[in-house]
Amino acid sequence: MTAKQGRNIAFSALVLIAAAIWIFPLYWALTTSLRSENRIVSDAGVWIDELNFSAYIEVLSTSKLPIWYLNSVGTSLIITVIVLITGMMCAYALSQLRFPGRRLLYLVVVASFMVPVPALYVAQFVLMSDLGLVNSWWGIILPQLIVPVVVIVYKQFFDAIPKEMREAVLLDGGGEFTLLFKLYLPLNWGITAALAIITFISAWNNFFWPFLVVTSESMMTIPVGITQVNDSFGVFYARMMALALLAAAPVIIGYLIFQKRVTEAVMISAGVKG
Amino acid sequence: MEDTGVHLRGVTKDFGAVQVIRGVDIDIERGQFAVFVGPSGCGKSTLLRMIAGLEETSGGKIIISDRDVTDFDPADRGVAMVFQSYALYPHLSVFENMAFSLRLAKRPKAEVKDKVVEAAQILQLTDHLDKKPSQLSGGQRQRVAIGRAIVRDPDVFLFDEPLSNLDAELRVAMRLELARLHQKLGATMIYVTHDQVEAMTLADVIFVLQGGYVQQSGAPLDLYDDPSNRFVAGFIGSPSMNFFNATVEDRTDTGIRARLEGQPDVAFDVDLTAPPDPGATVVLGMRPEHLVVTEGEGMRVTVDVAEELGGVSYQHGTLDGGDPVIFQQTGARHNMHGTVQTVTPQTDRIFAFTPEGDRIR
Ligand SMILES: Nc1ncnc2c1ncn2[C@@H]1O[C@H](COP(=O)(O)OP(=O)(O)O)[C@@H](O)[C@H]1O
Ligand SMILES: [Mg+2]
């Protein structure tokens with residue numbers, strides 16, 4: 001065995017151990033959700049020794065999980081679509097159009113990137129409340145539409161497209177919309193997919209804002225809904241874990257499908273936030 | 001008769017405080033192949049982009065096909081441009097690249113297909129229509145860029161150094177192809193290059209740009225035979241013309257007799273209709289191809305580098321007084337490196353300039 005092979009094996013072992021540590025809570029949630037409530041508190045072991053689906057049945061029949069799903073999917077999708085369209089157009093203007101105040105506007109976008117979102121919650125809550133949007137989809141959506149990182153990433157990619165390509169389109173008879181939708185966007189499908197994924201995931205995972213702006217159970221998103229179960233069931237671990245797994249399932253499945261893109265997306269946003 | 005040429009009247013261009021184009025008048029007739037030539041940074045591209053409408057005009061007028069297009073959008077001027085970088089749309093096939101303008105103009109599908117296929121035939125791209133630009137060679141990309149211009153059927157084709165990204169061999173081949181294309185299409189073409197060989201071989205009419213002005217315009221051989229100033233004389237012709245300072249010794253019946261400052265034992269007669277006064281300083285210009293080796297008398301040149309090209313060779317050296325000299329040798333095979341040669345210009349092949357660079361005729 002050469003030194004290099006040795007190093008590879010050691011490295012693989014390290015990664016395996018890290019992966020095992022990381023996956024353990026997930027595994028624990030799974031075993032817990034498959035037991036009866038009584039056994040969890042009396043003699044719970046590490047291995048899966050019982051396939052009891054009563055927690056799942058209970059959760060699906062008594063909680064509003066399907067509605068929470070719908071709320072999560074609906075608001076996250078709308079947020080993603082609007083954030084991408086507005087972010088793309090804003091970035092295009094900042095990158096390609098020449099108008100007074102352009103640099104200042106870009107500085108404002110970059111500066112807003114420095115503001116921690118929770119710092120705005122009180123102001124946003126008052127605003128939503130004044131607009132009568134508490135307990136509504138739009139109340140959940142509107143404050144989440146401000147995503148400067150999308151503008152910044154798009155602008156960087158738009159800046160990199162050669163000027164002559166733009167001029168070729170102008171000579172071919174295209175205007176700004178042609179430029180954006182037939183040149184700049186098609187050249188950036190990859191980044192668009194990546195940005196869509198990170199925007200969707202962060203909207204899906206957002207807990208605190210929907211938790212603040214929604215009080216009615218039928219308007220809750222999944223992360224908020226989980227806490228609700230906790231309250232009304234007392235401490236029923238199997239049901240909590242079953243609900244948590246059901247909530248996470250779409251994201252996990254989505255991740256498995258778009259694995260490469262998600263990694264890319266995280267790296268791009270990390271590069272900007274870096 | 002309708003005049004479909006390109007005309008510039010007093011055109012200027014400022015970039016902030018810097019005036020890059022300082023007042024240019026240009027007349028290009030319909031169907032001519034015009035070349036803007038000049039050293040890098042002299043404003044050739046800027047002028048071409050102003051004609052295309054990609055750069056605003058600071059002053060003056062641009063007239064294309066009898067229309068004052070100075071304030072028109074690029075697409076409305078009847079021009080098409082081929083960029084140095086080709087600027088193909090990387091996400092579209094060759095076919096769609098060429099069809100782009102027609103699709104934007106919402107032309108019927110059949111017409112789009114006919115026009116693209118026809119252009120592809122002219123440019124030998126028929127087998128490549130489904131490929132992406134990244135799958136093509138440099139020369140093929142170049143042709144797609146030209147095809148994109150052809151399908152628009154413009155009044156004027158604009159080329160900005162289209163061959164400079166190709167290797168030397170392909171450059172010569174494409175140069176010929178462009179000349180053929182011009183004959184075939186009969187359209188007006190304006191071509192920008194810093195390479196005077198390209199200019200000489202392609203042009204019907206050359207405009208030499210320098211310092212924001214057109215220094216001289218005319219047919220290639222007119223510029224070569226009769227340059228109107230020292231800049232044009234030095235720029236047109238390869239290798240460049242030799243220049244020597246000289247003093248007017250005397251007037252003759254037909255012009256002047258001028259003595260070289262670098263080598264006072266040599267003097268030449270130059271025919272001039274407006275000879276300067278005796279004692280004045282002049283600059284004599286002689287092309288390398290007009291210097292003949294003469295045994296024993298003439299300008300003494302110490303050869304330090306010999307460029308052998310086979311048919312001809314260029315001998316680089318210095319005159320007694322230190323002025324650099326290049327002269328051309330045809331057929332001679334013996335190595336002149338390190339030797340002292342005497343050369344004499346052919347009669348009537350000496351140009352005279354003022355120290356400021358104006359031609360004395
Ligand atoms: N957008 C611009 N802003 C400022 N200066 C420019 C701009 N474009 C070109 N220039 C300047 O104008 C001069 C001529 O440029 P250009 O037309 O590209 O020269 P050429 O094509 O003859 O090499 C150069 O000195 C260049 O720096
Ligand atoms: Mg240029």
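Residue check: is residue B:77 modelled with pLDDT under 95, buried (at least 21 other Cβ atoms within 10 Å of the Cβ) and more than 16 Å from ligand 1 (Cβ to nearest atom)? Yes: the conditions hold for residue B:77.
Residues of region B:18-45 that are within 10 Å of ligand 1 (Cβ to nearest atom), out of contact with any Lys or Arg (no Cβ under 9 Å at 6 or more places or on another chain) and either away from every other protein chain (no Cβ under 14 Å) or of a type outside the set (Ser, Thr, Tyr) (or both): B:18, B:39, B:40, B:41, B:42, B:44.
Condition check ((1) away from ligand 1 (no atom under 16 Å from the Cβ); (2) assigned to a strand (DSSP E or B); (3) at pLDDT below 95) across all residues:
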position	(1), (2), (3)
B:181	yes, no, yes
B:198	no, no, yes
B:257	yes, yes, yes
B:262	yes, no, yes
B:265	yes, no, yes
B:269	yes, yes, yes
B:274	yes, no, yes
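When region B:102-117 is filtered for residues that are closer than 23 Å to residue B:65 by Cβ, of a type outside the set (Lys, Arg) and free of Cβ contacts under 8 Å to residues at least 12 places away in the same chain, the ones remaining, listed by number, are B:104, B:105, B:111. Please go through region B:70-101 and give me each residue that is among the hydrophobic types (A, V, I, L, M, F, W, C), without any contact (Cβ under 8 Å) to a residue 60 or more places away in the chain and at the interface with another protein chain (Cβ under 9 Å from one of its Cβ atoms), ordered by number. Selection gives B:75, B:87, B:92, B:100.
For the criterion of being modelled with pLDDT of 95 or more and surrounded by fewer than 23 Cβ atoms within 10 Å (Cβ to Cβ), residue B:85 fails. In summary, residue B:101 fulfils each of the numbered conditions (1) more than 16 Å from ligand 2 (Cβ to nearest atom); (2) hydroxyl-bearing (Ser, Thr, Tyr); (3) under 24 Å from residue B:217 (Cα atoms) with the single exception of condition (3). Looking only at region A:4-44, residues that are touching a residue at least 24 places away in the same chain (Cβ under 8 Å), of a type in the set (Ser, Thr, Tyr) and over 16 Å from residue A:248 (Cα atoms) come to 1 in all. Filtering region B:25-50 to residues that are more than 10 Å from ligand 2 (Cβ to nearest atom) and part of a strand (DSSP E or B) leaves B:25, B:26, B:27, B:28, B:33, B:34, B:35, B:37.
Among the residues making up region B:131-165, those that are in a helix (DSSP H, G or I) and either aliphatic (A, V, I, L, M) or within 16 Å of ligand 1 (Cβ to nearest atom) (or both) are B:144, B:145, B:146, B:149, B:150. All conditions in (1) within 16 Å of ligand 2 (Cβ to nearest atom); (2) more than 14 Å from every other protein chain (Cβ to nearest Cβ); (3) surrounded by 21 or more Cβ atoms within 10 Å (Cβ to Cβ) hold for residue B:248, with the sole exception of (1). Quick check, is residue A:129 more than 14 Å from chain B (Cβ to nearest Cβ), out of contact with any helix residue (DSSP H, G or I) (no Cβ under 7 Å at 6 or more places or on another chain), more than 30 Å from residue A:253 (Cβ to Cβ) and not aliphatic (A, V, I, L, M)? When the stated conditions are applied, residue A:129 passes them.
Against the numbered list (1) touching a Lys or Arg at 6+ places or on another chain (Cβ under 8 Å); (2) within 30 Å of residue B:22 (Cβ to Cβ); (3) of a type outside the set (D, E, K, R), residue B:221 comes up short only at (1). Of the residues in region A:64-83, at least one is of a type outside the set (D, E, K, R), modelled with pLDDT under 95 and exposed (fewer than 12 other Cβ atoms within 10 Å of the Cβ). Restricting B:160, B:114 to residues that are within 13 Å of another protein chain (Cβ to nearest Cβ) and either farther than 25 Å from residue A:185 by Cα or in contact with a helix residue (DSSP H, G or I) (Cβ under 9 Å, 6 or more places away or on another chain) (or both) narrows the list to B:160. Condition check for residue B:195 on (1) within 16 Å of ligand 2 (Cβ to nearest atom); (2) among the acidic types (Asp, Glu); (3) free of Cβ contacts under 8 Å to residues at least 40 places away in the same chain: one failure, at (3). Might you let me know whether region B:51-66 holds any residue that is within 16 Å of ligand 2 (Cβ to nearest atom), assigned to a strand (DSSP E or B) and away from chain A (no Cβ under 14 Å)? Checked against the condition, which is being within 16 Å of ligand 2 (Cβ to nearest atom), assigned to a strand (DSSP E or B) and away from chain A (no Cβ under 14 Å), region B:51-66 yields no hits at all.
Only residues that are under 30 Å from residue A:165 (Cα atoms) and either assigned to a helix (DSSP H, G or I) or not aliphatic (A, V, I, L, M) (or both) were counted in region A:78-122, giving 30. Within region B:342-357, being surrounded by 13 or more Cβ atoms within 10 Å (Cβ to Cβ) and either touching a Phe, Trp or Tyr at 6+ places or on another chain (Cβ under 8 Å) or acidic (Asp, Glu) (or both) holds for B:343, B:345, B:350, B:353, B:357. Annotation note: of B:4, B:12, the sole residue that is β-branched (Val, Ile, Thr), away from every other protein chain (no Cβ under 14 Å), away from ligand 2 (no atom under 16 Å from the Cβ) and farther than 27 Å from residue B:164 by Cα is B:4. Take the conditions surrounded by 23 or more Cβ atoms within 10 Å (Cβ to Cβ), touching a residue at least 12 places away in the same chain (Cβ under 8 Å) and either within 14 Å of chain A (Cβ to nearest Cβ) or within 16 Å of ligand 1 (Cβ to nearest atom) (or both) and apply them to residue B:207. Does it pass? Here the answer is yes, as residue B:207 does meet what is asked. In the set A:35, A:39, only one residue is within 16 Å of residue A:243 (Cβ to Cβ) and either in contact with a helix residue (DSSP H, G or I) (Cβ under 9 Å, 6 or more places away or on another chain) or part of a helix (DSSP H, G or I) (or both); that residue is A:35.
For region A:138-162, filtering for residues that are over 30 Å from residue B:88 (Cα atoms) and buried (at least 17 other Cβ atoms within 10 Å of the Cβ) leaves 9.
The residues of region A:41-75 that are within 30 Å of the chain's Cα centre (by Cα) and β-branched (Val, Ile, Thr), listed by number, are A:57, A:59, A:62, A:67, A:73, A:75.
In the set B:154, B:133, B:162, only one residue is within 16 Å of ligand 2 (Cβ to nearest atom) and either of a type in the set (S, T, N, Q) or crowded, with 19+ Cβ neighbours inside 10 Å (or both); that residue is B:162.
The values are calculated or read from the model by the stated rules, or taken from the named source; none is laboratory data. On a predicted model such as this, the values are computed, not experimentally measured, just so you know. We place every Cβ from the backbone using ideal geometry, glycine too, and count neighbours over all the protein chains shown.
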